[in-house]
Amino acid sequence: MFTSTLPATNRSTVADLPEDLFAAIQELKQKLNAVILAHYYQDPDIQDIADYIGDSLGLARQAAQTDADVIVFAGVHFMAETAKILNPDKLVLLPDLDAGCSLAESCPPDAFAQFKAQYPDHIVVSYINCTAEIKAMSDIICTSSNAVELVRQIPENQPIIFAPDRNLGRYVMTETGREMVLWEGACMVHENFSQKKLVQLKIEHPEAEIIAHPECELPVLDQADYIGSTTALLNYVKSSPKLSFIVATEPGIIHQMEKETQGKSFIPAPPMSNCACNECPHMRLNTLEKLYLAMKNCSPEITLSEEIRIAALRPIQRMLEMSQNINVSKG
Ligand code: SF4
């Protein structure tokens, strides 16, 4: 659904860019009364200029609370779309409109509507990593920070469809003991970690703890000393007495881990092949230059039909209400 490419106005050469991008972005922020929200998987430069850095739950909460006129969302499309669902009157900018998500794309709305029709007595719990159309077909949205707790709040006799991430779904089933019908979607980044290489790395670094995101496959999660959302992983390394960690999630989070701890080391978990494919190619489409140009040109912006927006808002609000008292540090 996000087929646009970078607008012509944003195709600038390096010569068009100010020398001090950080200062220019700060100036535009004042001028536009803008807030910059960034996901932990963004480049370090973007994390360093953001007003708020977080995971999906934290970013959704910030988007719901902001009094800025413009939200510059340094993340992927479904995240900026969530901000727009919560803030229909604000201008929501995404530095690169092509910053999609393999997981969100693994759940096409037409196919999901047919799947859902097979289970008329089930309610739908959808991970926030999905399109606005899938949110509009859901009863409750969850994030990796609150999925387990939200499912626990659903009455035991209520059958559940969980979409779109099969790995998070299986993890929630293990943690809650609840059977759920799973949509078979997955994240290309988190499914790419190699259990074999992880075991080898642990042999080379026996002192290191393995920490993993629940979007990883079961064989990887089985090796983990701790499993949690990106925020929970960050909080865990800050409070743990251990000094070394093997990190099985997108390595962008390591920037914050290094900033917020002292004398601790972080080793990215290895992908299957010898590539950088544990980095999310969608998240990495955003750059500081594109962020500056998006603010300068007030484009590309996120737009949504009001019908979809209103239908998608209801399950997000339900999540925000149900997760008010959940301590995300526990993941
Ligand atoms: S890391 Fe996976 S789930 Fe997250 S944005 Fe990238 S493709 Fe989507």
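Every number in this text was worked out from the coordinates using simple rules, so none of it is lab data. This is a predicted model, so every value here is computed, not measured. Methodologically, a virtual Cβ is constructed for each residue, glycine included, from the backbone with ideal geometry; neighbour enumeration extends over all protein chains shown.
Computed from backbone phi with θ = phi - 60° and the Karplus coefficients 6.51, -1.76 and 1.60, the 3J(HN,Hα) list for segment 190-197 is 6, 8, 9, 6, 9, 5, 4, 5 Hz; x is used for glycine and proline.
Near Ile246, the amide H atoms lying under 5 Å from its own belong to Glu209, Ile210, Ile211, Ile267; only residues 5 or more places off or on other chains count, and H is placed 1.01 Å from N. Each Cα pair under 8 Å and six or more residues apart adds its separation to the average, and for segment 193-278 the resulting relative contact order is 32 percent. Between the C-alpha center of segment 181-226 and that of segment 56-74 there is a gap of 30 Å.
Listed values for segment 63-79 are Karplus-derived 3J(HN,Hα) couplings in whole Hz (6.51 cos²θ - 1.76 cosθ + 1.60, θ = phi - 60°), namely 4, 6, 9, 5, 10, 5, 7, 10, 10, 9, 9, 8, x, 9, 4, 5, 6, and x replaces Gly and Pro.
With all pairs of different C-alpha atoms in the average, the Kirkwood value for the hydrodynamic radius of the chain is 20.3 Å. Here Phe73, Phe78, Phe266 are placed in order of increasing Cβ neighbour count within 10 Å, fewest first, which gives Phe266, Phe78, Phe73. Amide hydrogen proximity for Met272: with H placed 1.01 Å from N in the peptide plane, the residues at 5 or more positions away or on another chain lying under 5 Å are Ser194.
Shown for Val148, Val76: other C-beta atoms within 10 Å of each C-beta, ranked fewest to most, produce the order Val148, Val76. Loop-located trypsin sites (Lys or Arg not before Pro) across segment 20-70 with a Cβ neighbour count of 10 or fewer within 10 Å are lacking, with loop assigned by DSSP. For the chain, the residue among His205, Ser323, Ala68 whose Cα projects farthest onto the positive side of the dipole built from Cβ charges is Ser323.
What the phi angles of segment 214-221 give under the Karplus curve with 6.51, -1.76 and 1.60, with θ = phi - 60°, is a coupling list of x, 6, 6, 6, 3, x, 6, 4 Hz, glycine and proline written as x. Counting every other Cβ atom within 10 Å of each residue's Cβ, Lys202, Lys196, Lys290 order from fewest to most as Lys196, Lys202, Lys290.
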